[in-house]
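The structure appears below as structure tokens.
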Amino acid sequence: MYRRIILLATRNRSGISPIAEHSINITNQQETKRTSVSTCPNRQRMHYNKGVCAPNNRPFSTSTALSKENEESSAPKTGVTEAKVKEEEPRKSGKENLLDLLSAMKVGVTTKKKFQALKSQKSKEQPRVHPESMESATSMFQKATTEQQAQKESLSPELVAAASAVASSMPFKKSQTESELLQQLRKHESDTEVHKKGETNNIGNIIADMKVGKHPNARSPNRPANQIRFDDDGRGYTHDRGVVNEFDAVRRRKSLFTGKRLNIFPSTTDTTETEPKEVSVPSLWDIELAGQIAAVIKHLPRNGFEEMIQWTKDGKLWQYPINNEAGLEEESDVPFHEHVFLDSHLEDFPKQGPVRHFMELVINGLSKNPYLTVKQKMEHIEWFREYFQQKEEVLKESEAY
Amino acid sequence: MAASVLARLVKSGFEFLQTSFRTTSQAGNVEQVRGYYVNWRMLRDVKRRQMAFEYANDRLRMNAIRKNTILPKELQEIADKEIAAFPRDSCPVRIRNRCVMTSRPRGVKRRWRLSRIVFRHLADHNQMSGIQRAMW
């Protein structure tokens, strides 16, 4: 038997980080041969991760733009890089291996203590504890998320309430786990916000390690050594300074707009006057005219660059720098719990029996799939619902419905 | 004249022009139509790919029902028959990765979708970015 704690949210495609420590799927490194049913994401879909579906690897720790940010937040499981796994494995065994990995990562204190406590307890008790807590948390969550959630920096009260419910169901150190959970949630929110804005502020962090490159040629024409030119007579004379020194001060300014304002021209106040005109639905003639104007203005591309620009506008060429989530912008607005907590859609299915079991496996797999949109997941579930309703008689004969 | 040809082509469902077949216009003249694909085999492969894309979800779900130890066997047998009833071109196994330029079915490198001959031709004329003759 492998230690299997129910997985809630794993993939950090758009900043989804695991909501709770108990929701992390940890399988013993030695026992990874028996991975769970649906760890391998569907490769037909949008992202193409190379070499991902090996039995030993977590498919979640690879190359999106966010993997750097989210390595810390999704610490206990998805932060494990494949290199780390491979180098740790041959030396150590089993539980020590796992714990070393966990302790090496940037994890909060409670997580570490919690896993040490896990190790000390019998492994079989843990999975029994968590499904109960999961039920309470998920039902709480499902009730809470019927409405829209509050955006921006504050966590929504339902999330806070859900976090406190989860923490209270944990066996040890409830206040600390609660604060940890809230911290994780806040970090997740801030990560998604940053990702949406496009990380304009943090470029300083990235370039902090880079060396400052000084412009080498700024002063060398001014040096006396460079100003003497060799003449035919052999006397030599200095370089013409002339115009150069007048523009030196101007050139030294870093930008065009840093000088003192001269107030020669009045600043324009016409921007407030234009109102948005009410445009009715453009008729076919208008569209045709606009197309004609565009065709007249558009010139044939004079070179390869213009050709590439034209293709990018047409959509034939991807936008650079490559955005893995091009075309998926509205997906990032979907909160992670709609991807993960899919139990509420199982209401039309029977409560017991093989059909339910099957659908729970389907839900489990879908919740782990980071490549599908919520709409696609819903379509899958819908299809199964219709199919089983059609095949009701067959199922009743075999007493399965 | 052009309009009737176009209308005829749009009718063919997938909107691809077929390689050089003859259509009769309204006036009764026989006209040739030039297409974009190298040959008919390439066209059929394109059709198979489009159909496989259409039926991909359905096939995935049916296979999930079939390859299962949980659901009853009667249901799985019915699912077997249903998936066999799908059109033959809907299965992805029938897709062949042909060369994009010459439609050659063999000797095609997947990364470039080109056959070895075309690849060599382009690489020798410096049209392949980052490809260089190997020498070590």
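In table form, for the structure just shown:
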{"item": "Close pairs (6 angstrom Cβ cut-off, 6 or more residues apart or separate chains): farther than 16 Å from residue A:383 by Cα in the range B:60-86, part of a loop (DSSP other than H, G, I, E, B) and open to solvent by less than 30 Å² (accessible area, probe 1.4 Å) anywhere", "result": "B:72/A:400"}
{"item": "Test: residue in the range A:370-381 that is among the polar types (S, T, N, Q), farther than 30 Å from residue A:192 by Cα and open to solvent by 40 Å² or more (accessible area, probe 1.4 Å)", "result": "no"}
{"item": "Check on residue A:309, away from chain B (no Cβ under 14 Å), among the β-branched types (Val, Ile, Thr) and assigned to a loop (DSSP other than H, G, I, E, B)", "result": "no"}
{"item": "Every residue from the range A:382-401 that is open to solvent by 20 Å² or more (accessible area, probe 1.4 Å) and not acidic (Asp, Glu)", "result": "A:383, A:385, A:389, A:390, A:391, A:394, A:396, A:398, A:401"}
{"item": "Single residue of A:325, A:331 found to be outside any helix (DSSP H, G or I), touching a residue at least 60 places away in the same chain (Cβ under 8 Å) and open to solvent by less than 80 Å² (accessible area, probe 1.4 Å)", "result": "A:325"}
{"item": "Some residue of the range A:310-330 being in contact with a Leu (Cβ under 7 Å, 6 or more places away or on another chain) and within 29 Å of residue A:371 (Cβ to Cβ)", "result": "yes"}
{"item": "Filtered residue count, the range B:28-66, keeping only those that are more than 14 Å from chain A (Cβ to nearest Cβ), among the small types (Gly, Ala, Ser) and crowded, with 16+ Cβ neighbours inside 10 Å", "result": "1"}
{"item": "Some residue of the range A:245-268 being open to solvent by 80 Å² or more (accessible area, probe 1.4 Å), over 30 Å from residue A:378 (Cα atoms) and at pLDDT 90 or above", "result": "no"}
{"item": "Residues being open to solvent by 100 Å² or more (accessible area, probe 1.4 Å) and touching a helix residue (DSSP H, G or I) at 6+ places or on another chain (Cβ under 9 Å) - total across the range A:291-322", "result": "7"}
{"item": "Output for the range A:349-401, where each listed residue is in a helix (DSSP H, G or I) and either under 22 Å from the mean Cα position of the chain (by Cα) or away from chain B (no Cβ under 12 Å) (or both)", "result": "A:363, A:364, A:365, A:366, A:367, A:368, A:374, A:375, A:376, A:377, A:378, A:389"}
{"item": "Qualifying residue in the range B:55-69 (condition: of a type outside the set (Phe, Trp, Tyr) and touching a Lys or Arg at 6+ places or on another chain (Cβ under 9 Å))", "result": "no"}
{"item": "Verdict on residue A:288 being open to solvent by 60 Å² or more (accessible area, probe 1.4 Å), within 29 Å of the chain's Cα centre (by Cα) and not aromatic (Phe, Trp, Tyr)", "result": "no"}
{"item": "Number of the condition not met by residue A:338 [criteria: (1) farther than 30 Å from residue B:70 by Cβ; (2) within 28 Å of the chain's Cα centre (by Cα)]", "result": "(1)"}
{"item": "The range B:103-113, subset under 20 Å from residue B:40 (Cβ atoms) and either in contact (Cβ under 8 Å) with a residue 24 or more places away in the chain or among the hydrophobic types (A, V, I, L, M, F, W, C) (or both), residue surrounded by the most Cβ atoms within 10 Å (Cβ to Cβ)", "result": "B:108"}
{"item": "Evaluation of residue B:69 against (1) within 13 Å of chain A (Cβ to nearest Cβ); (2) touching a helix residue (DSSP H, G or I) at 6+ places or on another chain (Cβ under 8 Å) (one fails), failing number", "result": "(2)"}
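The values are calculated or read from the model by the stated rules, or taken from the named source; none is laboratory data. Predicted model only: the values in this text are computed from it and were never measured. Here the Cβ is made from the backbone with ideal geometry for all residues, glycine too, and neighbour counts use every protein chain on show. Ligands, DNA and RNA are excluded from the accessible area calculation, which covers all protein heavy atoms including side chains. Shrake-Rupley method; radii C 1.70, N 1.55, O 1.52, S 1.80 Å.
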